[in-house]
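Report on the following structure.
Computed from the coordinates by the stated procedures, all read-outs in this text should not be read as laboratory data. Note that the structure is predicted; figures quoted are calculated from it, not measured. Neighbour counts run over all protein chains shown; Cβ positions are idealised from the backbone, glycine included.
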């Protein structure tokens, strides 16, 4: 975890590199959760390359910060971050969703080094994060717990039960980050079940809430820093993002929530991301 000013340029380039590795590991002609993995990438990069405290060589280090990927279907983005940070060899990324692989389509902490929880049944991750925070309090440890949720996931009742719990127990080591890309599997969140006013809802449940551009690295790092300064209440960061970010033909398209792409689309996606990396310079 860094206490210094973030190197925004480095983080932006790393996010572009992570996106390319995500698409490369998914490959053509196989169904994957492209949209939500790409929308959450900047948030994960800011956590792993700027904010969180961990030791990849000692994954069970008791003082480590924890991330619960509540929107478990976006785990390909997390796999790439974990591999690049040294939790397991990057060569394993080529085995994504293969039979017998440690990298399955939803997180399995029994298989993958660096994962903190099994997730994917939406709505449960914040409850897990609360439990970790309470355990840290009992043990006298000062680690922080981050829960990354989807905005469609916020239609689940358990999210709000967990929100009440965190506020009631004044779990100020908990930060919920909502990937607000405005799309879920079947279309726009506001058409399926409106979650707005989302920030006001979190505040109404006793949380501090910030709204940011979820692709602005400076804003992400600033919000993460601000969250650590809040005392006596948990923090929710509403990160406005674009589903499929970085791949023009995927951006804002609900059809790429879970989809297969052909060889030509795969090459187009890789070329777009390679161009982004090149534009960011050394």
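State all residues of the range 125-146 that are in a loop (DSSP other than H, G, I, E, B) and in contact with a helix residue (DSSP H, G or I) (Cβ under 6 Å, 6 or more places away or on another chain); if no residue qualifies, say none.
The answer is 143, and nothing else.
Which residue out of 71, 51 is touching a strand residue (DSSP E or B) at 6+ places or on another chain (Cβ under 7 Å) and either within 25 Å of residue 260 (Cα to Cα) or in contact (Cβ under 8 Å) with a residue 24 or more places away in the chain (or both)?
71
Scanning for something farther than 29 Å from residue 157 by Cα and buried (at least 17 other Cβ atoms within 10 Å of the Cβ), does the range 24-31 turn up at least one residue?
Yes: one or more hits.
What is the number of the single condition among (1) in contact (Cβ under 8 Å) with a residue 12 or more places away in the chain; (2) within 25 Å of residue 229 (Cβ to Cβ); (3) surrounded by fewer than 19 Cβ atoms within 10 Å (Cβ to Cβ) that residue 131 does not meet?
(1)
How do the pairs read when you match residues in the range 245-257 that are free of Cβ contacts under 8 Å to residues at least 24 places away in the same chain with residues anywhere that are buried (at least 17 other Cβ atoms within 10 Å of the Cβ) and not in a helix (DSSP H, G or I), using Cβ under 6 Å and keeping only pairs 6 or more apart or on different chains?
Partner pairs satisfying both residue conditions: 251/242; 251/244.
Pairs needed: first member in the range 210-226, surrounded by fewer than 16 Cβ atoms within 10 Å (Cβ to Cβ); second member anywhere, not in a helix (DSSP H, G or I); C-beta distance under 6 Å; at least 6 residues apart or different chains.
Taking only residues 6 or more apart or on different chains, the pairs are 213/240.
Taking only the range 149-167 into account, find how many residues are touching a helix residue (DSSP H, G or I) at 6+ places or on another chain (Cβ under 8 Å), outside any helix (DSSP H, G or I) and under 25 Å from residue 134 (Cβ atoms).
Adding up the residues that qualify gives 2.
Across the range 35-50, what is the total count of residues that are more than 13 Å from the chain's Cα centre (by Cα) and buried (at least 24 other Cβ atoms within 10 Å of the Cβ)?
Of the residues in that region, 0 qualify.
Could you list, in sequence order, all residues of the range 106-117 that are surrounded by fewer than 20 Cβ atoms within 10 Å (Cβ to Cβ) and either in contact (Cβ under 8 Å) with a residue 40 or more places away in the chain or at positive phi (or both)?
Passing the criteria: only 113.
Within the range 53-77, how many residues turn out to be buried (at least 18 other Cβ atoms within 10 Å of the Cβ) and over 18 Å from residue 144 (Cα atoms)?
Of the residues in that region, 7 qualify.
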